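First the structure, in the form of structure tokens, and then the observations on it.
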Amino acid sequence: MHASGLGFTANREPWQKRPNRNLDGENAVKPEELKKLDAYLKRTLNPNIVVKARPRKDDSAEVYAGDEFLGVIYRDDEDGDLSYNFSMAILDVDL
């Protein structure tokens, strides 16, 4: 199976992803939102941070520092108030 069968292309930016798979599309993180989140986290936390679309979910995105997975950003659009929640687990062995 080649790369296009896996749902990604070799020449894409980290914030670009497959088309939204949500039937209603209501809670899907759009490519332009991924780009904005990526820029915001680079600017405020660390320039090495990368925000990527999740392979099987489109209501959230993955956050990496280089190759290391940091956590997940969830899109919350409740009652017209759009926000993003970053969830990061810190293991005791990493401290």
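Filter the range 60-86 down to the residues that are in a loop (DSSP other than H, G, I, E, B) and either polar (S, T, N, Q) or at pLDDT 90 or above (or both), then identify the one that is surrounded by the fewest Cβ atoms within 10 Å (Cβ to Cβ). Among those that are in a loop (DSSP other than H, G, I, E, B) and either polar (S, T, N, Q) or at pLDDT 90 or above (or both), it is Asp67. Report, ordered by the first and then the second residue, all pairs with beta carbons closer than 7 Å, sequence separation of six or more or different chains, a first member in the range 39-59 that is under 19 Å from Ala28 (Cα atoms) and among the small types (Gly, Ala, Ser), and a second member that is buried (at least 19 other Cβ atoms within 10 Å of the Cβ) and modelled with pLDDT under 95. The qualifying pairs are Ala53/Lys17. Within the range 36-78, the residues that satisfy the criterion of being over 8 Å from the mean Cα position of the chain (by Cα) and of a type in the set (Gly, Ala, Ser) are Ala39, Ala65, Gly66, Gly71. One residue stands out among those in the range 27-58 that are crowded, with 17+ Cβ neighbours inside 10 Å and part of a loop (DSSP other than H, G, I, E, B): the one that is modelled with the lowest pLDDT, which is Ala28. When Gly66, Gly80 are checked against the criterion of being over 25 Å from Asp94 (Cα atoms) and without any contact (Cβ under 8 Å) to a residue 24 or more places away in the chain, a single residue qualifies: Gly80.
The values are calculated or read from the model by the stated rules, or taken from the named source; none is laboratory data. Nothing here was measured: the structure is a model prediction, and the numbers come from that model. Cβ sites come from the backbone with ideal geometry, for glycine too, and all protein chains shown count toward neighbours.
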